[in-house]
Each structure stands twice: as structure tokens, then as C-alpha cells.
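These notes concern the structure reproduced below.
The values are calculated or read from the model by the stated rules, or taken from the named source; none is laboratory data. All values reported here derive from a predicted model rather than from experimental measurement. As a convention, Cβ positions derive from the backbone with ideal geometry for all residues, glycine included, and neighbour counts pool all protein chains shown. Just so you know, the surface numbers come from the protein's heavy atoms only, side chains and all, with ligands and any DNA or RNA stripped out. Shrake-Rupley method; radii C 1.70, N 1.55, O 1.52, S 1.80 Å.
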Amino acid sequence: GLSNRLQWVISADELRYIPVGSVIDSLWLRQLAAALAAAPDADTSALDFEIALSSATVSPGSMSNTFANNIGADRVVVHDGPLAIAANTLPPGTKGTFGKVAQFQRQFVYKGGPLCIDIRHTGPSTIISTLDAVQNTTNTNRILISSNPDAVAGSFFGGTYKGIAVKL
């Protein structure tokens, strides 16, 4: 089903390529490896799409299923409003590369430590793609989801899937 709220906590170790004090200004996603074609098939948009970044108050392994408990005091809404995703933004999954989904309206300065990415949206006009869910990443990349953008709490992925590949 469609997740209208997604919250990632990414470990500091996974973000080691971003020096403390760097500006994070965009969000990149990739398709699962089996995806043979670029996605989405057509230009896609969401009328109300909010992306907020903050220092995470927890590590991925100790993430709460209550969204607010993971969000730091330095929360910045980096995108708010319509979001357009052009056709073929995400390369074929077989390439293993990322496509830029959002260029932020406001910047977030990375302070080190784990990062919380919080996305709430009303749903895109079409399915963007099947994103690359990553396995056994409880301590590095973990995601909480809900079909309600205003949910107080969400569910963690089940089984071995724990996160979704993301690049900042």
C-alpha cells in the first residue's frame, strides 16, 4: 500500500561522507534492483508534500514507533507544498544509481550524529516506483511508515527489510 508518512533514522556511520557543517539540500532515491526501466513512467506530482530533517534523538536500532520521539529540536521543514517528479527520474534499478526526487526549498545544516528524515504527503498522482528496500539494516537505516500523513505512530517494516535506500 501507499505510505503517506515515512520516517527514516540514518546512523552517523552511514552519513560519514557528509562532513559536519555541510548543507543537505536534496533527497535522492533508487529503485529495487529488479526494476528494468526508469521510473516513473509519466510525470508525477503530489499537491502537498512535506520533507523535514532533524538530528535524530535516537539511533536506528532504538527508534520509537511514535514519530515525534525520533525528531530532534533542530527540525527544519526543507520542502513544503507541491512536488513534481519528472518521468524517468529514477534510473533502472539494474544500474544501482539514485535519482533526485526533491531539491529542497530550505537548507539543513548537518550537525553530526544520526539523522531523521520525516516525509508526509497526500499521495502522488501515480506510483513513483518500487523503491529499494534494504535488508538487515536495523542499526544503520530504519524506516517507520503509516498510510495516514498525520499519524502519531507507525509500523516498522517486517521480516528482513528494515530501511529504504536514500542518498542526501
key: Condition met for Ser54 (in contact with a strand residue (DSSP E or B) (Cβ under 6 Å, 6 or more places away or on another chain) and open to solvent by less than 30 Å² (accessible area, probe 1.4 Å))   = yes
request  = Considering each of Thr126, Thr137 in turn, give the residue that is of a type in the set (S, T, N, Q) and within 19 Å of Ser45 (Cα to Cα).
outcome  = Thr126
query = Pick from Asp74, Asp48, Asp41, Asp80: which is open to solvent by 60 Å² or more (accessible area, probe 1.4 Å) and farther than 20 Å from Asn4 by Cα?
reply = Asp41
ask   = Can you name the residue in the range 1-14 that is in a strand (DSSP E or B) and hydrophobic (A, V, I, L, M, F, W, C) and is also farthest from Leu144 (Cα to Cα) among such residues?
value = Ile10
query = Mind checking which residues of the range 133-153 are within 26 Å of Pro92 (Cα to Cα) and either touching a His at 6+ places or on another chain (Cβ under 7 Å) or buried (at least 21 other Cβ atoms within 10 Å of the Cβ) (or both)?
reply = Thr137, Arg142, Ile143, Leu144
inquiry  = On the basis of being touching a residue at least 60 places away in the same chain (Cβ under 8 Å), under 17 Å from Glu50 (Cα atoms) and not charged (D, E, K, R), does Pro149 make the cut?
reply    = yes
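Here's the yes/no breakdown for (1) farther than 30 Å from Gly61 by Cβ; (2) among the aromatic types (Phe, Trp, Tyr); (3) open to solvent by 20 Å² or more (accessible area, probe 1.4 Å); (4) out of contact with any strand residue (DSSP E or B) (no Cβ under 6 Å at 6 or more places or on another chain):
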position	(1), (2), (3), (4)
Pro92	yes, no, yes, yes
Thr97	no, no, yes, yes
Lys100	no, no, yes, no
Gln103	yes, no, yes, no
Arg106	no, no, yes, no
Cys116	no, no, no, no
Ser125	yes, no, yes, no
Yes/no for Ala42 being at pLDDT below 95, out of contact with any helix residue (DSSP H, G or I) (no Cβ under 6 Å at 6 or more places or on another chain) and in a loop (DSSP other than H, G, I, E, B) = yes
query = Taking the range 15-31 on its own, how many of its residues are among the hydrophobic types (A, V, I, L, M, F, W, C), open to solvent by 60 Å² or more (accessible area, probe 1.4 Å) and assigned to a loop (DSSP other than H, G, I, E, B)?
reply = 1
